[in-house]
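> My questions all concern the structure below.
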Amino acid sequence: MQIYRLFEIIYILLDKKSITANELAAYFEVSKRTILRDIEALTMAGIPIYTTRGKGGGISILDSFILNKTTISEEEQNQILIALQSLASTQHINADNIISKLGTLFSKTDTNWIEVDFSRWGKSEEDNEKFELLKNAVIEKRSISFAYPSSYGETKNRTVYPLKLIFKFAAWYIQAYCLQKEDYRTFKVSRMLQVKVSEESFAGQDFTPPFIETENVSSPVLVHLKLEFSAESAYRVYDEFDEKDIQKNKDGSFTVIKDLPNDDWLLGFLLSFGTAVRVMEPQNVRETLRKQAENIKKLYYDL
């Protein structure tokens, strides 16, 4: 990608002092014209690069140039390193070499203070393989097919043009144009089964997916909840709720007051706490949860 090449060109110039366009072209396996465009872009960005003609000439950078004295602030340097470190930790790109070089340019001695792994526990290899397939399909603009279970208990086969990978609220999604629906759809990657990339390509410029937030047709109806959690569930309470919504009681238990979506998700969410939670308010949620517990009990009558 160009941004990586631009940073590495700066690194090479600082290291070698001078190099020809042909040598850079051979190193990056691109054309000389591409390198000249890169040099022009760096010059326009304020990097003091100059060229000299004749024997012994080439592309050079001013000896007094230090990258962290340019328009890239200390905070921006850290943001760049954090972003690259996060991507490298997913094992989906090989950014270690770039991180090392940028760390040298930015005079950073410690660039390994963060590690990010987006795969699920026990599913690392499987998740990474699926992500790699989808990433390549997006970049190469190739259609994909997969089976997708819906919230209605149906599993349907889909064929889509993958347009963008999105990480949102602790999960990966892929935004795509669905050939069956003839419209844009967003699919949760963990639910995509039997993913296959076809040889069929599509013109990416023909598709402009909407901003992901606009895909929710309506805002969820919220319910005002008062929940009481056991002391032993502290780890889950602080995982799931904001600290401002949590009150720790004298006996070690917790009271949480929170507005949550009043739908099927809420029922499953509360049940996931087992006997560690008791709904105090409202009464209709208490009753719904009680009935669901009775239905679960009936499943085991014959065992």
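The values are calculated or read from the model by the stated rules, or taken from the named source; none is laboratory data. Keep in mind that this is a model prediction, so the values were computed, not measured. In this analysis, Cβ positions are derived from the backbone assuming ideal geometry, glycine residues included, and neighbour counts consider all displayed protein chains.
> Which residue is farthest from GLY57 (Cα to Cα), if the candidates are limited to region 6-31 and must be exposed (fewer than 14 other Cβ atoms within 10 Å of the Cβ) and either at pLDDT 85 or above or in contact with a strand residue (DSSP E or B) (Cβ under 7 Å, 6 or more places away or on another chain) (or both)?
Top of the filtered list is GLU29.
> Being part of a loop (DSSP other than H, G, I, E, B) and of a type in the set (Asp, Glu) is the filter; apply it to region 220-264 and report the residue that is nearest to GLU294 (Cα to Cα). Can you show your working first?
Initial filter on region 220-264 (part of a loop (DSSP other than H, G, I, E, B)): 220-221, 230, 241-242, 249-253, 262-263.
With the extra rule that they be of a type in the set (Asp, Glu), the set shrinks to 242, 251, 263.
Details: ASP242: 31, ASP251: 29, ASP263: 19 Å.
Only one residue fits best here, namely ASP263.
> Also: Quickly run through region 194-242 and pick out the residues that are at pLDDT below 85, surrounded by 12 or more Cβ atoms within 10 Å (Cβ to Cβ) and under 29 Å from ILE144 (Cα atoms).
GLY204, PRO209, ILE212, GLU215 - these are the residues of region 194-242 that are at pLDDT below 85, surrounded by 12 or more Cβ atoms within 10 Å (Cβ to Cβ) and under 29 Å from ILE144 (Cα atoms).
> Going by the conditions given, is GLU199 over 24 Å from ILE166 (Cα atoms) and either of a type in the set (Phe, Trp, Tyr) or outside any helix (DSSP H, G or I) (or both)?
Working: over 24 Å from ILE166 (Cα atoms): no; either of a type in the set (Phe, Trp, Tyr) or outside any helix (DSSP H, G or I) (or both): yes.
No; evaluated as a whole, the condition is false for this residue.
> Moving to a separate point now. Do you know which residues across region 44-72 are of a type in the set (S, T, N, Q) and at pLDDT below 80? Before the answer, list the steps.
Our first condition is that a residue be of a type in the set (S, T, N, Q); within region 44-72, this holds for 51-52, 60, 64, 68, 70-71.
Correct list: SER64, ASN68, THR70, THR71.
> Let me ask you something else. Taking region 248-264 as the search range and keeping residues that are of a type in the set (D, E, K, R) and free of Cβ contacts under 8 Å to residues at least 24 places away in the same chain, which one is surrounded by the fewest Cβ atoms within 10 Å (Cβ to Cβ)?
Initial filter on region 248-264 (of a type in the set (D, E, K, R)): 248, 250-251, 258-259, 263-264.
Pick out the ones that are also free of Cβ contacts under 8 Å to residues at least 24 places away in the same chain and you get 248, 250-251.
Numbers: LYS248: 13, LYS250: 5, ASP251: 7.
Among residues in region 248-264 that are of a type in the set (D, E, K, R) and free of Cβ contacts under 8 Å to residues at least 24 places away in the same chain, the one surrounded by the fewest Cβ atoms within 10 Å (Cβ to Cβ) is LYS250.
> (1) at pLDDT 80 or above; (2) closer than 27 Å to GLU140 by Cα: which one isn't true of LEU81, the others all being true?
Status for LEU81: all satisfied but (1).
> Which ones in region 265-303 are hydrophobic (A, V, I, L, M, F, W, C), over 27 Å from SER150 (Cα atoms), touching a residue at least 24 places away in the same chain (Cβ under 8 Å) and not in a helix (DSSP H, G or I)?
Scanning region 265-303 gives VAL277, VAL279, MET280.
> Picking from TYR152, TYR161, which residue would you name as being at pLDDT 90 or above and of a type in the set (Phe, Trp, Tyr)? Show your work before the answer.
Values: TYR152 fails: at pLDDT 90 or above.
From the options TYR152, TYR161, the qualifying one is TYR161.
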